[in-house]
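Chemist: First the structure, which I've put down as structure tokens, then a few questions once you've had a look.
The values are calculated or read from the model by the stated rules, or taken from the named source; none is laboratory data. If you're wondering where the values come from, they're calculated on a predicted model, not measured in any experiment. Cβ placement follows ideal geometry from the backbone for every residue including glycine, while neighbour counts extend to all protein chains displayed.
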């Protein structure tokens, strides 16, 4: 079993069931002309590609804009997910008889979740859920001039394949509007050493970076035996690699482990990601960010403050303590809360236009 990656028995595959009322509607989706020419794909239909619980579009890997019309004759409340358990649109209420239009941009890739995980289902798969779901129309088309946010990280960030696990990167897309997509290349069990050393990881992500793309880097949880000099050098290599391709690196300190000291704080090496060699990972990340003029999202400080404020019992729901006695990995609730912290930082640091980010 790889460090940081729960065993198969504790992470069953499969998507959670959802319920929805799909009403007749309009909407056509199209595959880019180039993809049609070279792959033989035909334009995909719209709402007729949806069942009561999900939609499937036969599309090649790429970035797509999705426009959904929500609502029906009765009051409704609808959320949209997709691919490997990603949250793409937060629960949205529509009064009886009214229609609400929302748009978002989604990344379709193979493998569709973790880079070293299962390939997933070809095409774009969406799930329809919420307290009283009603999807009345959908349109999918190629995204034009969309900006990517690529994620490099570990199991606390990745698109986790099975409940109850969830990574904050899996929940981040729901806070972004059309024109911003999340390409989550975080993978369970990875350290800075393994991420740089595996050609399916950094060597795959690098060529995908386009000018202006953000690349958020959070690697620390599995650098348990990495010495300080090597850890720092690896972070600097990742930063330089992003910049060489015209992207903008953003360093992210790791989420805390829920490990309380006797005084009710998280002021201990386990909680604050100091490894057995005495390497203070968040401190090194902050130092590299300052020295290399890299934007910093101090998620360690933000999550520490939140967990301590909630206290021993109140913070249990953020992690998998109740389900797995796991104080490192987050629940869907915890991942959503932590993704919201990342959203706040992206706006506060002016890394994304405020109009492209939804309110948490």
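Chemist: Which ones in the range 303-324 are loosely packed, with under 13 Cβ neighbours inside 10 Å and either touching a strand residue (DSSP E or B) at 6+ places or on another chain (Cβ under 9 Å) or farther than 19 Å from residue 253 by Cβ (or both)?
Modeler: The answer is 311, 312, 313, 314, 322.
Chemist: Kindly provide the set of residues from the range 93-108 that are surrounded by fewer than 20 Cβ atoms within 10 Å (Cβ to Cβ) and under 25 Å from residue 338 (Cα atoms), ordered by number.
Modeler: First, the residues of the range 93-108 that are surrounded by fewer than 20 Cβ atoms within 10 Å (Cβ to Cβ): 93, 95-103.
If the condition is that a residue be surrounded by fewer than 20 Cβ atoms within 10 Å (Cβ to Cβ) and under 25 Å from residue 338 (Cα atoms), then 93, 102, 103 are the ones that fit.
Chemist: I need a count of the residues in the range 238-270 that are farther than 22 Å from residue 169 by Cα and either in contact with a helix residue (DSSP H, G or I) (Cβ under 6 Å, 6 or more places away or on another chain) or touching a residue at least 40 places away in the same chain (Cβ under 8 Å) (or both).
Modeler: 5
Chemist: For the range 116-127, give me the residue count where each residue is more than 14 Å from residue 58 (Cβ to Cβ) and part of a strand (DSSP E or B).
Modeler: 1
Chemist: When the range 318-353 is examined, which residues are found to be within 20 Å of the chain's Cα centre (by Cα), without any contact (Cβ under 8 Å) to a residue 12 or more places away in the chain and either closer than 21 Å to residue 268 by Cβ or not in a helix (DSSP H, G or I) (or both)?
Modeler: 350, 353 - these are the residues of the range 318-353 that are within 20 Å of the chain's Cα centre (by Cα), without any contact (Cβ under 8 Å) to a residue 12 or more places away in the chain and either closer than 21 Å to residue 268 by Cβ or not in a helix (DSSP H, G or I) (or both).
Chemist: Of all the residues that make up the range 187-197, how many are in contact with a helix residue (DSSP H, G or I) (Cβ under 9 Å, 6 or more places away or on another chain), under 21 Å from residue 109 (Cα atoms) and not in a helix (DSSP H, G or I)?
Modeler: 1
Chemist: Then there's this: State yes or no: is residue 163 over 23 Å from residue 230 (Cβ atoms), out of contact with any strand residue (DSSP E or B) (no Cβ under 8 Å at 6 or more places or on another chain) and surrounded by fewer than 22 Cβ atoms within 10 Å (Cβ to Cβ)?
Modeler: Spelling it out, residue 163 is indeed over 23 Å from residue 230 (Cβ atoms), out of contact with any strand residue (DSSP E or B) (no Cβ under 8 Å at 6 or more places or on another chain) and surrounded by fewer than 22 Cβ atoms within 10 Å (Cβ to Cβ).
Chemist: Does residue 111 qualify as being more than 26 Å from residue 358 (Cβ to Cβ), in contact with a strand residue (DSSP E or B) (Cβ under 9 Å, 6 or more places away or on another chain) and at pLDDT 95 or above?
Modeler: Judged against the criteria, residue 111 is not a match.
Chemist: Does residue 179 satisfy the criteria of being assigned by TED's automatic domain parsing to the domain that holds residue 53, closer than 30 Å to residue 46 by Cβ and surrounded by fewer than 23 Cβ atoms within 10 Å (Cβ to Cβ)?
Modeler: Working: assigned by TED's automatic domain parsing to the domain that holds residue 53: no; closer than 30 Å to residue 46 by Cβ: yes; surrounded by fewer than 23 Cβ atoms within 10 Å (Cβ to Cβ): yes.
No, not satisfied.
Chemist: Also, quick follow-up: Quick one: would you say residue 78 is over 25 Å from residue 209 (Cβ atoms) and either under 21 Å from the mean Cα position of the chain (by Cα) or at pLDDT 95 or above (or both)? Lay out the reasoning, then the answer.
Modeler: Details: over 25 Å from residue 209 (Cβ atoms): yes; either under 21 Å from the mean Cα position of the chain (by Cα) or at pLDDT 95 or above (or both): yes.
Judged against the criteria, residue 78 is a match.
Chemist: A further question follows. Taking the range 266-286, which residues are exposed (fewer than 14 other Cβ atoms within 10 Å of the Cβ) and more than 23 Å from residue 312 (Cα to Cα)?
Modeler: The answer is 276, 277, 278.
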